[in-house]
Amino acid sequence: MAITEKVRTILGWYESDNPGTKGNLVRMLMQGKLAGTGKLVILPVDQGFEHGPARSFAANPAGYDPRYHFQLAIDAGLSAYAAPLGMLEAGAAEFAGQIPTILKMNSSNSLATEKDQAVTASIADALRLGCSAIGFTIYPGSEYCFAQMEELRELAEEAKAAGLVVVVWSYPRGPLLDKAGETALDICAYAAHMAALAGAHIIKVKPPTDKLSLPAAIKVYEEQHIPRATMAERIAHVVQCCFAGRRLVVFSGGDNVKDTDSFIATIQQIADGGASGAIVGRNSFQRPRDEALAMLGRIVDIYAKA
Amino acid sequence: MAITEKVRTILGWYESDNPGTKGNLVRMLMQGKLAGTGKLVILPVDQGFEHGPARSFAANPAGYDPRYHFQLAIDAGLSAYAAPLGMLEAGAAEFAGQIPTILKMNSSNSLATEKDQAVTASIADALRLGCSAIGFTIYPGSEYCFAQMEELRELAEEAKAAGLVVVVWSYPRGPLLDKAGETALDICAYAAHMAALAGAHIIKVKPPTDKLSLPAAIKVYEEQHIPRATMAERIAHVVQCCFAGRRLVVFSGGDNVKDTDSFIATIQQIADGGASGAIVGRNSFQRPRDEALAMLGRIVDIYAKA
Amino acid sequence: MAITEKVRTILGWYESDNPGTKGNLVRMLMQGKLAGTGKLVILPVDQGFEHGPARSFAANPAGYDPRYHFQLAIDAGLSAYAAPLGMLEAGAAEFAGQIPTILKMNSSNSLATEKDQAVTASIADALRLGCSAIGFTIYPGSEYCFAQMEELRELAEEAKAAGLVVVVWSYPRGPLLDKAGETALDICAYAAHMAALAGAHIIKVKPPTDKLSLPAAIKVYEEQHIPRATMAERIAHVVQCCFAGRRLVVFSGGDNVKDTDSFIATIQQIADGGASGAIVGRNSFQRPRDEALAMLGRIVDIYAKA
Amino acid sequence: MAITEKVRTILGWYESDNPGTKGNLVRMLMQGKLAGTGKLVILPVDQGFEHGPARSFAANPAGYDPRYHFQLAIDAGLSAYAAPLGMLEAGAAEFAGQIPTILKMNSSNSLATEKDQAVTASIADALRLGCSAIGFTIYPGSEYCFAQMEELRELAEEAKAAGLVVVVWSYPRGPLLDKAGETALDICAYAAHMAALAGAHIIKVKPPTDKLSLPAAIKVYEEQHIPRATMAERIAHVVQCCFAGRRLVVFSGGDNVKDTDSFIATIQQIADGGASGAIVGRNSFQRPRDEALAMLGRIVDIYAKA
Amino acid sequence: MAITEKVRTILGWYESDNPGTKGNLVRMLMQGKLAGTGKLVILPVDQGFEHGPARSFAANPAGYDPRYHFQLAIDAGLSAYAAPLGMLEAGAAEFAGQIPTILKMNSSNSLATEKDQAVTASIADALRLGCSAIGFTIYPGSEYCFAQMEELRELAEEAKAAGLVVVVWSYPRGPLLDKAGETALDICAYAAHMAALAGAHIIKVKPPTDKLSLPAAIKVYEEQHIPRATMAERIAHVVQCCFAGRRLVVFSGGDNVKDTDSFIATIQQIADGGASGAIVGRNSFQRPRDEALAMLGRIVDIYAKA
């Protein structure tokens, strides 16, 4: 299928990248129901590391099998599937070529006491598994952040040279940030901007609240009257902070929610703000498959019309 | 000998691995009395590092000689023999080709004060000694866990590229876990799952108790009514947490016990839960050779019928 | 364009460097309105890392787009444009060959609590992006300074071998220095000298105050009657401390100021002291483009006549 | 000279090693007055690092000259000479081929405050100096022990690949051990066993006392009635703990003593216990050369008859 | 010029070194007014790093220019010139082949709070700048000493393989040493000995006082009646501790002194003790050039007659 004008425009943002990386971007942007729209919906399944297997999969035990998630992403017409090494190893051959995969390179876990992550995969792993991209989490504000950024630098350099796409999860936390600060607008925008500066092709952040956190930033937000009353305004600001919208920025759907309609409403507001797409994990795979497909269908529809 | 359907099914779980690794899996699954059954009984002798030589071998002094254990594993019809570098160096040539060996890559010791291990061997060592697999211990929950996982990542990547199998011993310990927590069901399942996510081919954990430890997990276990009253139920849960049973999971037989019948009864329950096999060290080599062969024979019989 | 006598003299200072590095020095010294004068005005845009995106760009939102700064540096007739990895990736192809670029290799951020920086780019990045130079910040006096110098050593060695120019930002801070000490004359001169000793081709420091900080240095400054009453005298001293003026030394224009005339007056004094040029970030790109071009024009004029 | 049956038997213990390493073992076992007996007496001169030059050599100033020790080892008919880098560099060419040398790879010193050592030589150094072996010290129980074991792993792997022999000095110390614990029988046997597990070809420990230290070990020593009343019994136990005597184990002669006869008597008891030989430093080179030769002659005689 | 018998003897001390290193030793020993005498006078200019530029050069501002020191060393007929990377880069081409240079590889500074140094150059740097030797400082007794020795090991190994000479500055400091201890005879001799053991070709220490510091050493110095009343006796002891005089040992002239005659008298005593030469920095380049040449002439004369 020939690429669309929208995809061609997006490729123009990544003017420094080699044809290999451009090819993998195209692979994701031309996949599934959103092919050619310039939008992405990604299924991430790394919650087994973060929360453990039962908290992740007991609600819908089919999800214990890694192959379930490949199939869910394919059947829902999503753009890509992201997971840690073992999860991809357990299905990469069977589903080869059917859905672009993102190898999640580092992970934390609920038994750990440090605000760090372990790197559990390599670029060679991503290549042998046929992945289109690597995913890497940084914790801006953490005492490990400089070290994480240096790990990212090494992996991203090697990934780009190998023609892979680099997706960065940027989750603020650390001594200067309280719980509200972690999702404050200025912090979320700063975290997204740092991911862009570090060379991310695709940036994943949480939807910001209307709070502000850093005193020096509060002054600027108020003086410059940066709009932040609605979610759409806040999303627009975060997108602007990613090189004036010249980077793909995807958002999670917020915390695990039971009320599908309000969840979908939030997704709509995020899309209205100009987000490049959604990344939806627990809210999809913890539901029965039919419900999950229905809900993912609604999200895809929102972005198809965005 | 042609592989059986059961072994062929298991190889299917490891679809991402190269023929070298598949070949070494076959070597273990087609070895000894359990050849072709899809089950494994492994003899591990790394207690000299962990507890010192006298505590390990004085009860049956023949065990001071590394060759004793190769012969014991062969004569008992076991699937593989696992030991640290020096133990394998001292018999690998004499017993070459007679029993698959697992080079235990890291070890702790009773004189150490940190919850860490030293890496005492390399992939080049495993290859020159003709091993089929490497073994590596992680301590989920320990302050060294991220570093251990990163050591595992490097060794596992190199091992897989060289066609070796990766066996991970996953032993939870650390600041968030008390003694009961280390063998609680949720923790044991989580530890097994993390080993799978990190890319282990074979996972070794301790049999879990019916306790639960992490508050956020307790809620889920209770809401979802995950059965845990019997050992078989608990084992089934751990196996499910290893990619819905698509990874080989082996269990130790519990603490060093004097009462053989109750020990064997526990092994039976573990096998009933769907375990892939047993890994039995001190409970075998600290007995006189005849008794050890008899007991290992009973364990092998259980798995032959499982 | 043939190089001028002034540029030829400057190249003589860098007698140990290879033709590649000499060529990139020429590229910067023969660029823009100051071509051939032996002076440099550089636009640095790394404030997004240091202060966050809104504090950097909200005042002039055109600056959210990385391409804005390439164009500003070109249109103002500047010598070079310096920025972190992501900022250069987002424009390096479009503006290839139009303005020499300096890849800023390390950066701190306002969420961090350590006086360190993360290295976020590599020499391979600088080469693939067609950069003429790398930029690296050290914090003399910080507990991370030895480590930073060793990072600089590695990057500078690789950069020089690849024919790149090495620009060092030398910003004193740390346990022995209070706020006034960080810009004291003896400290500023010491910081500049250490950058020269570490092998910098171009040194960037802040304009010093007339204060002195280290007791052992105060004694010498007073005994030797080193002039420091005027900014020009202080600049002359810093330049002398960089191998008797045989290294290019550029100065920032002081803190973010609203009063353009007094800012320009300071630049004039710095130029009078024998500075090799100016490096002006926020004071240019936070103004509307016309005002920025006018102000940069005045700075360029000062150095054209220096 | 053809190797003897005893040496052939010993080579059989090292069945995993390449012909290069076997050749260097033969070189040591076929050197000097003990050639062919399967026993070794080694002269180590690393006390300059540990205690400083005057404490090491002032008693017999001829020893300040590194060449003195090569000649002493040769004239006394010893099996090998062990020393740090500088000591070997200062005589390796003059005495090339006359005595096997062991390059001591790491050393501590009396000015240091950490229970660690610095690695001061490389395998490339050992090879260019024509050494037959490397020597490496570990401190089981020290907080640096895991790191030391990992240094040993790297060096030993490279040494074995290059055909060198690996000699490990295993000296217990650290938070769990008081002064008596460092030489307690269970600790000494454990330290020797860990060196064997880590892949040492030759193990050097101190002669153990009849004390026991670790509570869990005391229980086993008492229940199993492991004999420890005489030095010979204790040595026999340590040798058994080194793979049932299938590793060469050499012992120092105890602390620096003035009374030669009691020193020799201890050596006799150690030999009676089945030790592979002695390693005697200060007790030889701090005496006048004639006395040293006489005493080394008595030690050699003991092992010739052992 | 054919080498002299004295130089031939010295080369014999370095029997393990390759022809490249021997050639660079000859270059230094056959340079300037002391050519062929077996003695060395070296000009070191690394005080800019240690004390800052004004404290180093304001007294004689010609010294701000790196070329001044090359010329001073040449005109004074010295054996070699030692300086950090930037200082050599700024003159190495102009003075190529006129004076052997020693690249000082690591440096501390007065703003730092740790008893460590930063490595600021590489062997590749030494080779591209045409150096004959590298210089490296260790702080025996410092908590960083093991790390420094390991840095030295890596650099020295690479330097020797590349045919360079290794000069070690050995300056004791750390928790066990008070100010007097740093220059005590036993400590100075120990520091020099450790540099020799670590493989130094040329050792630089401070002239020792008649104090003793380590209790265990005091006992030996007193029992063995090691002479230490005169500077010449103390120097002779330090030289003996460097492999019985088979390593080149050079001494600084003590603290910065105003009284030239007493300074020269100390140099004479050091030479009388058998030192291989002097290394004189601030005491030469902080004087007017004529005075410096006169004083260096007196030092050279002393060693010419030694």
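The values are calculated or read from the model by the stated rules, or taken from the named source; none is laboratory data. Keep in mind it's a predicted model, so treat the numbers as computed, not measured. We place every Cβ from the backbone using ideal geometry, glycine too, and count neighbours over all the protein chains shown. Surface areas here come from the heavy atoms of the whole protein model, side chains and all, with no ligands, DNA or RNA. Shrake-Rupley method; radii C 1.70, N 1.55, O 1.52, S 1.80 Å.
Only residues that are within 22 Å of residue A:137 (Cα to Cα) and either of a type outside the set (A, V, I, L, M) or outside any loop (DSSP other than H, G, I, E, B) (or both) were counted across region A:60-83, and they come to 9.
Considering region E:180-196, and only residues there that are farther than 11 Å from residue E:170 by Cα and assigned to a helix (DSSP H, G or I), the residue that is most open to solvent (accessible area, probe 1.4 Å) turns out to be E:180. For first residues located in region C:292-304 and at pLDDT 95 or above and small (Gly, Ala, Ser), partners that are in a helix (DSSP H, G or I) and open to solvent by less than 50 Å² (accessible area, probe 1.4 Å) and lie 6+ apart or on another chain with Cβ distances below 7 Å form the pairs C:292/C:72; C:292/C:284; C:292/C:285; C:304/C:34.
Just one of (1) farther than 19 Å from residue E:299 by Cα; (2) free of Cβ contacts under 8 Å to residues at least 24 places away in the same chain fails for residue E:262. It is (1).
Quick one: count up the residues across region D:164-185 that are under 19 Å from the mean Cα position of the chain (by Cα) and not hydrophobic (A, V, I, L, M, F, W, C).
Of region D:164-185, the ones under 19 Å from the mean Cα position of the chain (by Cα) are D:164-173, D:182-185.
Next, from what is left, pick out any that are not hydrophobic (A, V, I, L, M, F, W, C): D:170-173, D:182-183.
Total satisfying the criteria: 6.
Applying the criterion of being among the aliphatic types (A, V, I, L, M) and under 20 Å from the mean Cα position of the chain (by Cα) to the residues of region D:37-68, the residue that is nearest to the other protein chains (Cβ to nearest Cβ) is D:45. If you go through region B:270-290 and pick out every residue that is touching a residue at least 24 places away in the same chain (Cβ under 8 Å) and more than 17 Å from the chain's Cα centre (by Cα), you end up with 5. Considering (1) open to solvent by 50 Å² or more (accessible area, probe 1.4 Å); (2) in contact (Cβ under 8 Å) with a residue 24 or more places away in the chain; (3) at positive phi, the lone condition that residue D:225 does not fulfil carries the number (2). Can you tell me which of (1) open to solvent by 10 Å² or more (accessible area, probe 1.4 Å); (2) within 26 Å of residue C:114 (Cβ to Cβ) is the one residue C:199 doesn't meet? For residue C:199, the failing item is (1).
Quick one: count up the residues across region B:197-222 that are in a helix (DSSP H, G or I), in contact (Cβ under 8 Å) with a residue 24 or more places away in the chain and more than 8 Å from chain A (Cβ to nearest Cβ). Steps first, please.
Of all residues in region B:197-222, those in a helix (DSSP H, G or I) come to B:197, B:215-222.
Checking which are in contact (Cβ under 8 Å) with a residue 24 or more places away in the chain leaves us with B:217-218, B:221.
Imposing the further condition that a residue be more than 8 Å from chain A (Cβ to nearest Cβ) reduces the set to B:218.
Looking only at that region, the number is 1.
Screening D:260, D:266 for residues that are of a type in the set (Val, Ile, Thr) and crowded, with 16+ Cβ neighbours inside 10 Å leaves exactly one candidate, D:266.
Residue by residue, here is whether (1) free of Cβ contacts under 8 Å to residues at least 24 places away in the same chain; (2) crowded, with 19+ Cβ neighbours inside 10 Å holds:
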residue: A:1; (1), (2): no, no
residue: A:8; (1), (2): yes, no
residue: A:20; (1), (2): no, no
residue: A:23; (1), (2): no, no
residue: A:29; (1), (2): no, yes
residue: A:34; (1), (2): no, yes
residue: A:37; (1), (2): no, yes
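Here residue A:180 meets each of (1) touching a helix residue (DSSP H, G or I) at 6+ places or on another chain (Cβ under 7 Å); (2) away from chain B (no Cβ under 14 Å); (3) closer than 28 Å to residue C:54 by Cα with one exception, condition (1). Here residue A:79 meets each of (1) of a type in the set (S, T, N, Q); (2) within 20 Å of residue A:168 (Cβ to Cβ); (3) within 14 Å of chain B (Cβ to nearest Cβ) with one exception, condition (3).
Between D:304, D:275, which is open to solvent by 10 Å² or more (accessible area, probe 1.4 Å), among the hydrophobic types (A, V, I, L, M, F, W, C) and under 30 Å from residue B:86 (Cβ atoms)?
D:304
Take the conditions (1) in a helix (DSSP H, G or I); (2) surrounded by 24 or more Cβ atoms within 10 Å (Cβ to Cβ); (3) touching a residue at least 60 places away in the same chain (Cβ under 8 Å); residue A:48 misses just one of them, which is (3). One residue is enough: does region A:236-244 have a residue meeting the conditions in a loop (DSSP other than H, G, I, E, B), within 14 Å of another protein chain (Cβ to nearest Cβ) and surrounded by fewer than 17 Cβ atoms within 10 Å (Cβ to Cβ)? The answer is no, given that none of the residues of region A:236-244 is in a loop (DSSP other than H, G, I, E, B), within 14 Å of another protein chain (Cβ to nearest Cβ) and surrounded by fewer than 17 Cβ atoms within 10 Å (Cβ to Cβ). Scanning region E:12-36 for residues that are within 14 Å of another protein chain (Cβ to nearest Cβ) and not hydroxyl-bearing (Ser, Thr, Tyr) turns up E:12, E:13, E:15, E:17, E:18, E:19, E:20, E:22, E:25.
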